[in-house]
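Take a look at the structure below.
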Amino acid sequence: MDQTESQSGHKWEGKVSTRVAKASADQIWPLFVDFFNLHKWFPGLSDCYGIHGKNGEPGCVRYCAGFSISSEGTSDPGENRPIKWSKERLVGVDPLGRSLNYEMVDSNNGFTSYASTVRVIPGDGDGEGGCTIEWSFTVDPVEGWVLEDLVRKYEVGLQGMGRKMEDSISVM
């Protein structure tokens, strides 16, 4: 888990990763390129679907709802909180490097800017030795949060995603 606050204090940056031992990078990568179906993998995300463009192509936009990440912090896990949503645009896809970049274009979750990169890094040998999923983000400071708590949310979310993805591959 890496975290930094820029010298000017205007941006937060974080990076988390998780190891997937029972699935190769070639098996995990297509699950991320399926940009409109993040809800299948991300814990607490109830809905995700395309609202613009072709799934997996730069410029497409997805709508996501049900985030556990919001500007209310961690103090109220109750059901009375409004559902948090965002619209996210896929900015770039590098199939050879197995990375994608996306940005949040609208939301009600407290983020005023957000850019993220996901990378799937092959394990040892010919790609059959598992892989590592790396998720990094840059965001304006979020009211009601401290950077460490936000990074921890991402870390827990990515670990859950990795487990769900790995489990789905081992069933196939």
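All other residues whose Cβ lies under 12 angstrom from that of residue 117 are scored, Lys and Arg at +1 and Asp and Glu at -1, for a net of -1. Taking all protein chains into account, the per residue accessible area for region 86-170 stands at 45 Å² (1.4 Å probe). Taking θ as phi - 60° and the Karplus parameters 6.51, -1.76 and 1.60, the scalar couplings of region 139-152 work out to 8, 5, x, 9, 4, x, 10, 10, 3, 4, 5, 5, 4, 4 Hz in sequence order, x denoting glycine and proline. Residue-wise HN-Hα couplings along region 91-98, as the Karplus relation 6.51 cos²θ - 1.76 cosθ + 1.60 with θ = phi - 60° gives them from phi, are 8, x, 9, 10, x, 5, x, 6 Hz; Gly and Pro carry x.
For region 102-172, the set of GluC sites (Glu not before Pro) satisfying both a DSSP loop assignment and a count of at most 15 other C-beta atoms within 10 Å is given as 128, 143.
Between residue 83 and residue 143, the modelled label-to-label distance comes to 2.4 nm, taking each label 7 Å out from Cα in the direction of the beta carbon.
For residue 109, the amide hydrogen comes within under 5 Å of the amide hydrogens of 85, counting only partners 5 or more places away or on other chains and with H modelled in the peptide plane. For the pair residue 168 and residue 11, label points projected 7 Å from Cα toward Cβ lie 3.0 nm apart.
The values are calculated or read from the model by the stated rules, or taken from the named source; none is laboratory data. Owing to the predicted nature of the structure, the values given are computational and were not obtained by experimental measurement. With ideal geometry, Cβ positions are generated from the backbone for all residues, glycine too; neighbour counts draw on all protein chains shown. Only protein heavy atoms, including side chains, enter the accessible area calculation; ligands, DNA and RNA are left aside. Shrake-Rupley method; radii C 1.70, N 1.55, O 1.52, S 1.80 Å.
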